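J.: Below are the structure tokens for one structure; questions will follow.
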Amino acid sequence: MTDPLDNDLHLGVIGAGAMGQGIVQVAAAGGISVSLLDARDGAADAGLATVAKRFDRLVEKDRMTAPEAAAAKARAGPVAGLPDLAGCDVIIEAVFENLELKQGIFRDLEGIVRGDCILASNTSSLLIASIARDCADKSRIAGMHFFNPVPLMKLVEIVQSADTSGETVTFLTALALRMTRTPVTVRDAPGFLVNHGGRAYTTEAMRILHERVATPAQIDAVMRDCGHFRMGPLELADLTGMDVNYPVSLFVYNGYDQDPRLKTAFPHRALLEAGRLGRKTGHGNYRYDDSGGKSDDDGGSTAFASPPTNAICLIEPDAALIEFATGLGCEILASDDGACPLVAAPLGEDATSFAVRTGCDAGRLVCVDIHCDSSKRVTVMSPPGILTDRRDAVGALIAAGGRAVTVINDSPGFICQRIRAMVANLGCEMAQIGIAEPEQIDLAMRLGLNYPLGPLELAEHIGLAETVAILTRMQAVTGDDRYRPSLWLKRRAALKLPVYTPG
Ligand code: NAD
């Protein structure tokens with residue numbers, strides 16, 4: 001096996017499409033000689049021309065010197081067929097996502113390359129073990145899953161099947177670093193790491209839509225303002241497109257034998273079947289105008305015509321609720337006067353269960369989500385049958401203080417508690433089943449999906465006991481095993497250990 005840092009290292013890339021071009025670019029920029037092969041006539045030359053133009057742009061933007069760009073361009077060249085890759089030290093395959101096609105290429109390569117040549121596939125969904133199924137030496141075969149667009153996305157998943165050797169993983173990790181990527185070793189399993197871990201954010205939002213808890217604009221505004229995600233889950237789904245994210249959801253769900261935690265909900269399929277794919281068709285969860293703006297996004301905030309209440313009574317107040325209520329500036333009654341709004345801050349419970357458990361008057365119960373960031377926006381919900389004047393009087397009071405208010409229908413965990421707990425739980429489950437080391441799961445999710453925190457960090461941020469409480473109560477309210485806490489999370493919460501504790 002050649003040293004991946006060797007000056008003479010030679011890489012073969014098969015497939016000159018979007019991914020192959022990106023791989024050639026980062027490899028050539030990293031000082032690696034590359035041979036590019038594509039089955040389509042002229043495709044390799046066209047791909048290399050595109051890469052050359054990108055190097056020119058980098059020179060224009062002062063991100064590369066002209067001699068560096070010239071040297072990088074000179075390192076990459078086209079080849080006509082698989083036999084031309086015989087001298088390569090490592091080959092990365094990036095052809096169409098088709099199992100038989102990839103199996104055939106790997107089988108053929110075995111008869112062409114040296115015995116110590118490392119073979120990697122950029123597949124995003126096929127198991128490496130199935131691609132390598134018919135190969136004699138599976139130990140040198142691994143996944144090297146780059147993300148699109150390759151030059152901008154630093155993350156690379158190095159996928160290790162049961163047969164992939166440690167040496168192969170070490171080699172590809174060093175190669176990725178040489179390409180200035182951030183490699184993470186992941187287990188060969190459905191969706192690998194990022195495409196698995198990314199399910200919870202969108203699928204729980206689809207579930208919330210399905211239950212008519214809130215509108216897309218409300219869900220997205222809450223997740224941005226209260227959960228600090230850069231994009232809401234439904235605007236994100238519109239960006240990737242239902243034709244991409246629905247099949248991936250289904251694939252991961254089926255790949256894990258239909259674990260209810262991974263299930264999406266009917267609105268997702270309904271959008272796909274209606275051709276409302278998202279931005280690419282001008283209509284998904286939102287309608288898009290010609291300039292790409294969302295023409296029907298009302299901001300997700302509720303306006304109130306009624307005056308603010310001048311008195312409230314708190315139910316099950318703790319320090320956080322007392323601080324929140326004090327900040328509202330109205331009178332806080334020591335006991336229920338039988339008429340004022342009753343304000344509570346349930347964790348994981350819906351307003352109905354909270355009212356029944358505490359025995360308070362459900363018709364006046366106004367629940368606020370202060371367990372996520374409520375400094376810009378407060379989510380408000382009440383049980384069915386709420387006296388809307390009491391709810392709106394509380395909403396008007398919060399809004400008078402300069403914060404946005406989002407009034408939703410009753411839901412265990414509001415919006416933000418619910419989605420964050422699902423993201424955190426799935427991250428913990430990935431640690432439990434050994435998809436990657438816990439810290440690597442967080443790193444990959446932050447880099448691959450731009451999450452503000454990795455899922456395990458998020459569990460730590462919410463509090464492990466609180467995350468378990470949210471999930472357990474959601475499970476109790478809905479009767480749905482979708483919300484069952486991961487054993488990884490449950491054990492560390494029970495023992496009061498950090499979420500990263502191995503074992
Ligand atoms: P693409 O359609 O842009 O390019 C595929 C290229 O492979 C085409 O140029 C095609 O002519 C070539 N090809 C097909 N059969 C070939 C063969 N037998 N020999 C040589 N070349 C052949 O596809 P892409 O988007 O670059 O994706 C390539 C791989 O990367 C797929 O496995 C995909 O799942 C994976 N991937 C894609 C993305 C993405 O966002 N596009 C992200 C991560 C991984």
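J.: Starting at the first residue of the stretch 462-469, write each ³J(HN,Hα) from the Karplus equation 6.51 cos²θ - 1.76 cosθ + 1.60 with θ = phi - 60°, in whole Hz, x for Gly and Pro.
T.: 5, x, 5, 5, 5, 5, 4, 4
J.: Heavy atoms only, probe 1.4 Å: what % of the accessible area of the stretch 195-281 goes to carbon and sulfur, would you let me know?
T.: 53 percent
J.: Could you name the lysines in cross-link range of LYS73, using Cα to Cα under 29 Å and dropping any fewer than eight places away on the same chain?
T.: Candidates past the 8-residue exclusion: LYS53, LYS61, LYS102, LYS154.
J.: Indicate, rounded to the nearest 5 percent, the antiparallel portion of the DSSP beta bridges found entirely in the stretch 10-188.
T.: Counting DSSP beta bridges with both partners in the stretch 10-188, the antiparallel share is about 15 percent.
J.: Same structure again: Mind giving me the nanometre distance, one decimal, between the label points for THR501 and MET231, set 7 Å out from Cα along Cα→Cβ?
T.: With each label placed 7 Å out from Cα toward Cβ, I get 3.7 nm.
J.: I would also like to ask the following. Taking amide hydrogens as modeled 1.01 Å from N in the peptide plane, which residues meet the under 5 Å criterion relative to ILE118, leaving out close sequence neighbours?
T.: VAL90, ILE91
J.: Given axes a ≥ b ≥ c from the Cα gyration tensor, I'd like to know whether the stretch 242-328 is rounded (a/c under 1.5), prolate (a/b larger than b/c) or oblate.
T.: oblate
J.: Kirkwood Rh, the chain, all Cα pairs: how many Å?
T.: The answer is 24.9 Å.
J.: In nm, to one decimal, how far is the ALA86 label point from the ASN7 one, both placed 7 Å along Cα→Cβ?
T.: Roughly 2.7 nm, to one decimal.
J.: Expected output is a single nm value to one decimal: the length gained when fully extending between ARG279 and ASP336, i.e. 0.36 nm times separation in residues minus the C-alpha distance. What is it?
T.: Gain on stretching ARG279 to ASP336: 15.5 nm.
J.: The stretch 75-159: which GluC sites (Glu not before Pro) are DSSP loop and have at most 16 other beta-carbon atoms within 10 angstrom?
T.: GLU97
J.: Amide H to amide H under 5 Å from LEU314: which residues, 5+ apart in sequence or cross-chain, H placed 1.01 Å off N in plane?
T.: Counting only residues 5 or more places away or on other chains, the set is LEU333, VAL343.
J.: Which part of the stretch 388-417 falls in the paramagnetic zone of THR478, meaning amide N under 13 Å from the point 7 Å along Cα-to-beta-carbon?
T.: Flagged as within label range: 411-417.
J.: Whenever you get a sec, line up ASP89, ASP6 from highest to lowest accessible area (probe 1.4 Å, protein heavy atoms).
T.: ASP6, ASP89
J.: Continuing with the same structure: Using the Karplus curve 6.51 cos²θ - 1.76 cosθ + 1.60 with θ = phi - 60°, what ³J(HN,Hα) values do you get for each residue of the stretch 212-221, in whole Hz, with x for Gly and Pro?
T.: Karplus values, whole Hz, x for Gly and Pro: 6, 6, 7, 8, x, 5, 5, 4, 5, 4.
J.: Only bridges whose two residues both fall in the chain count here: according to DSSP, what percent of them are antiparallel, nearest 5?
T.: Expressed as a percentage, antiparallel bridges in the chain total about 20.
J.: Show me, for the stretch 423-430, the HN-Hα J-couplings you get by feeding each phi into the Karplus relation (A = 6.51, B = -1.76, C = 1.60, θ = phi - 60°), rounded to Hz, glycine and proline as x.
T.: Each residue of the stretch 423-430 in turn: 5, 5, 5, 5, x, 5, 5, 5 Hz.
J.: Sort by residue number and report every cysteine in the chain with no other cysteine beta carbon within a distance under 4.7 Å.
T.: When partners are defined as cysteine Cβ atoms under 4.7 Å apart, the chain leaves CYS88, CYS117, CYS135, CYS313, CYS330, CYS340, CYS360, CYS367, CYS428 without one.
J.: Per-residue counts of other Cβ atoms within 10 Å, averaged by peptide: what ranking do you get for 161-174, 340-353, highest first?
T.: Going from most to least packed, we get 340-353, 161-174.
J.: Something else now. If DNA, RNA and ligands are ignored and the probe is 1.4 Å, what is the ranking of THR358, THR264, THR326 by accessible area, most exposed first?
T.: Ranked from most to least accessible, the order is THR326, THR358, THR264.
J.: Counting only heavy atoms of protein chains, what accessible area per residue, in Å², does the chain have with a probe of 1.4 Å?
T.: So the chain comes to 40 Å² accessible per residue, rounded to a whole number.
J.: Same structure again: Work out, step by step, the length gained on full extension between GLN258 and ASP289: first 0.36 nm times the residue separation, then minus their alpha carbon distance; give nm to one decimal.
T.: Using 0.36 nm per residue and subtracting the Cα-Cα distance, I get 7.4 nm.
The values are calculated or read from the model by the stated rules, or taken from the named source; none is laboratory data. All figures in this text were calculated on a predicted structure; none of them were measured in a lab. Here the Cβ is made from the backbone with ideal geometry for all residues, glycine too, and neighbour counts use every protein chain on show. These accessible areas exclude ligands, DNA and RNA; they are computed on the full protein's heavy atoms, side chains included. Shrake-Rupley method; radii C 1.70, N 1.55, O 1.52, S 1.80 Å.
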